[in-house]
1. Determine if segment 115-125 includes at least one residue that is within 16 Å of ligand 1 (Cβ to nearest atom) and surrounded by fewer than 21 Cβ atoms within 10 Å (Cβ to Cβ).
2. Please go through segment 24-59 and pick out each residue that is out of contact with any Cys (no Cβ under 8 Å at 6 or more places or on another chain) and among the β-branched types (V, I, T).
3. Looking at this structure, is E75 assigned to a helix (DSSP H, G or I), at pLDDT 95 or above and over 23 Å from S42 (Cβ atoms)?
4. Confirm whether T41 is out of contact with any strand residue (DSSP E or B) (no Cβ under 9 Å at 6 or more places or on another chain) and either assigned to a loop (DSSP other than H, G, I, E, B) or within 15 Å of ligand 1 (Cβ to nearest atom) (or both).
5. Condition first: within 10 Å of ligand 1 (Cβ to nearest atom), touching a residue at least 40 places away in the same chain (Cβ under 8 Å) and part of a loop (DSSP other than H, G, I, E, B). Now tell me which residues in segment 45-72 satisfy that.
6. Can you pull out the residues in segment 30-39 that are away from ligand 2 (no atom under 16 Å from the Cβ) and touching a residue at least 12 places away in the same chain (Cβ under 8 Å)?
7. Quick one: which residue in V54, V24, V71, V64 is more than 15 Å from the chain's Cα centre (by Cα), over 23 Å from P152 (Cβ atoms), more than 16 Å from ligand 2 (Cβ to nearest atom) and of a type in the set (A, V, I, L, M, F, W, C)?
8. Of everything in segment 126-146, what is among the polar types (S, T, N, Q) and surrounded by fewer than 22 Cβ atoms within 10 Å (Cβ to Cβ)? Give them in sequence order.
Amino acid sequence: MTAVSITVNGRRYQRTVEPRLLLVHFLRDAGLTGTKIGCDTSQCGSCTVLLDGVSTKSCTTLAVQADGAAVTTIEGLADGGQLTALQEAFWSKHGLQCGFCTPGMVFAANEILRTHPNPTPEQIRHGLEGNMCRCTGYQNIVRAVQAAAADPRRAGIGGGR
Ligand code: FES
Ligand code: FES
């Protein structure tokens, strides 16, 4: 067993964990079930979170690798009920249906906007390649990312809203 201290959404979690414990299980065991497990093999992206500001698949990250780091999950985004520009764009552009993929999609989209502030549709599709959605056909997700890119409030989640 190994002691870890991980700050999640601004709150520090100190736990003693098995070295093999995955970060996604660490988060979900802490009650943060917005982070989903869709495949466990790094294919679907539904487990994506921010690890020190960078989008990361938490199903292929060990909790011990996140020791001392800051993690942001979907529960940590809305500020007092105020959605981020990206969350609002997913809502207004119908970028979700069942919502299972959505937390991971939001963080993948954030990564796209972090690296391409004004992405082309091709850059958005390329950036979303690691995230699967069984419902939407992706078109409205691309529209949502475009809408967020055009939103003056958007400076990126984790670095602004
Ligand atoms: S659960 Fe992590 S990529 Fe599918
Ligand atoms: S909205 Fe259902 S999997 Fe994407």
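1. In the first step, residues of segment 115-125 are kept if they are within 16 Å of ligand 1 (Cβ to nearest atom); the result is none.
Among the residues of segment 115-125, not one is within 16 Å of ligand 1 (Cβ to nearest atom) and surrounded by fewer than 21 Cβ atoms within 10 Å (Cβ to Cβ), which makes the answer no.
2. T33, T48, V49, V54, T56
3. Values: assigned to a helix (DSSP H, G or I): yes; at pLDDT 95 or above: yes; over 23 Å from S42 (Cβ atoms): no.
For E75, the condition - assigned to a helix (DSSP H, G or I), at pLDDT 95 or above and over 23 Å from S42 (Cβ atoms) - is not met.
4. Values: out of contact with any strand residue (DSSP E or B) (no Cβ under 9 Å at 6 or more places or on another chain): yes; either assigned to a loop (DSSP other than H, G, I, E, B) or within 15 Å of ligand 1 (Cβ to nearest atom) (or both): yes.
Taking the combined requirement at face value, the residue satisfies it.
5. G45, S46, C47
6. Answer for segment 30-39, where residues must be away from ligand 2 (no atom under 16 Å from the Cβ) and touching a residue at least 12 places away in the same chain (Cβ under 8 Å): A30, L32.
7. Working: V54 fails: more than 15 Å from the chain's Cα centre (by Cα); V24 fails: more than 15 Å from the chain's Cα centre (by Cα); V71 fails: more than 15 Å from the chain's Cα centre (by Cα).
Of V54, V24, V71, V64, the one residue that is more than 15 Å from the chain's Cα centre (by Cα), over 23 Å from P152 (Cβ atoms), more than 16 Å from ligand 2 (Cβ to nearest atom) and of a type in the set (A, V, I, L, M, F, W, C) is V64.
8. Selection gives T136, Q139, N140, Q146.
The values are calculated or read from the model by the stated rules, or taken from the named source; none is laboratory data. Keep in mind it's a predicted model, so treat the numbers as computed, not measured. Because the Cβ atoms are built from the backbone with ideal geometry, glycine has one as well, and the counts that use them run over all protein chains shown.
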